[in-house]
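Okay, structure first, notes after.
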Amino acid sequence: MDKSGMDAERPERLHLGRSEEQRIAWRRHRLVDAGIRIAGTRGCAQLGVRKVCAEADLSHRYFYESFGCTDELLLAAYEQLQADLIATVMLAMGSLSEQCSTRLNRSVGAFLGFFEHNTHARWIPFFDSALLKALSKDPNWRLLSAYEAMLTDELRRGGVGNDQAAQATASGLLGATIQLTVRWLATRPGEPIDETLAALQFIHGAAIQSLQDSGGAVWPES
C-alpha cells in the first residue's frame, strides 16, 4: 500500500480537538516540509503532486486544499526556508545595543552555518532553475529579498548612510554572501569555512567603513 493509501487509514485521534482551520494548516505544513525535502534531495523540478503527497503521507486531494499548482508549493517552501534563515541569523546577531558591524559579523557566520547544516536548503543559493522560474512571475522579484530587507534595516538602525545607501549596500552584501557561500559549498571540504567567513566579514566591514567615511552621501537623498 502506498503512503497516500495509508493516509485514509490514519486514526482520527490525530485530529481530535483540532478545528478545521488547524487541520488544514497541519496538512499544509506537511506538504511544505515534503516539498523542502524533495527539492533538497532531488531538485525543485521533481516537485510533482504525487511525489509530494507520497512524501507528506497525504492523499492527493489535500494538495489542492492549500495549493493551486506545484509552483505555489515551491514558493511556500522557499518562503519557509527564508524565514528559518532570518530567524537563525537574527538570533545569532545578539543584542540591539551592540554595534552594527559586530552584529553583521555574526550574521555572516550564521548564514554560512545555516546552509552548511541545512542541506535541504541549498537549492536556494545554488539558483535552482525551477525556483527562478517560479520567482520570475513577479516582475520585482529578488532572491532572498526578505533577508536583504533585514540587512537594510540593520544598516539603517546602525546609522550607516541614508535609506538609499543602506538598501544598495545590503543588496551588494547579500550578493557577495551568496556568491562566496556557493563557492564554499561547492569546494568543501577543500576550503575551510574560516576562510570564507573571514572574507565575508572583511567585505561587510569594508562596506560599512566606506559609508561611514563618506557620511552616507554616496547616494544622496532624492
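Below are the figures for this structure:
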| item | result |
| --- | --- |
| Some residue of the stretch 151-171 being within 30 Å of Ala34 (Cβ to Cβ) and at pLDDT 90 or above | no |
| Residue count, the stretch 60-85 (criterion: surrounded by fewer than 17 Cβ atoms within 10 Å (Cβ to Cβ) and under 19 Å from the mean Cα position of the chain (by Cα)) | 5 |
| Matching helices (runs of 4 or more DSSP H) fully within the stretch 117-188 where at least 1 residues are more than 23 Å from Leu96 (Cα to Cα) and not hydroxyl-bearing (Ser, Thr, Tyr) | 129-135, 163-187 |
| Among the candidates Arg42, Arg122, Arg61, Arg37, residue that is among the basic types (Lys, Arg) and in the same structural domain as Glu154 (by TED's automatic domain parsing) | Arg122 |
| Residue within the stretch 91-100 that is in a helix (DSSP H, G or I), surrounded by fewer than 18 Cβ atoms within 10 Å (Cβ to Cβ) and touching a residue at least 24 places away in the same chain (Cβ under 8 Å) present | no |
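The rows are residues; the columns are (1) touching a helix residue (DSSP H, G or I) at 6+ places or on another chain (Cβ under 8 Å); (2) over 21 Å from Leu73 (Cβ atoms); (3) crowded, with 19+ Cβ neighbours inside 10 Å; (4) touching a residue at least 12 places away in the same chain (Cβ under 8 Å).
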site	(1), (2), (3), (4)
Leu104	yes, yes, yes, yes
Phe115	yes, yes, yes, yes
Trp123	yes, no, yes, yes
Leu135	yes, no, no, yes
Asn140	no, yes, no, no
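The values are calculated or read from the model by the stated rules, or taken from the named source; none is laboratory data. It should be emphasised that the depicted structure is a prediction, and the values quoted were computed from it without experimental measurement. A quick note on method: Cβ atoms are made from the backbone with ideal geometry, for glycine too, and the neighbour counts reach across all protein chains shown.
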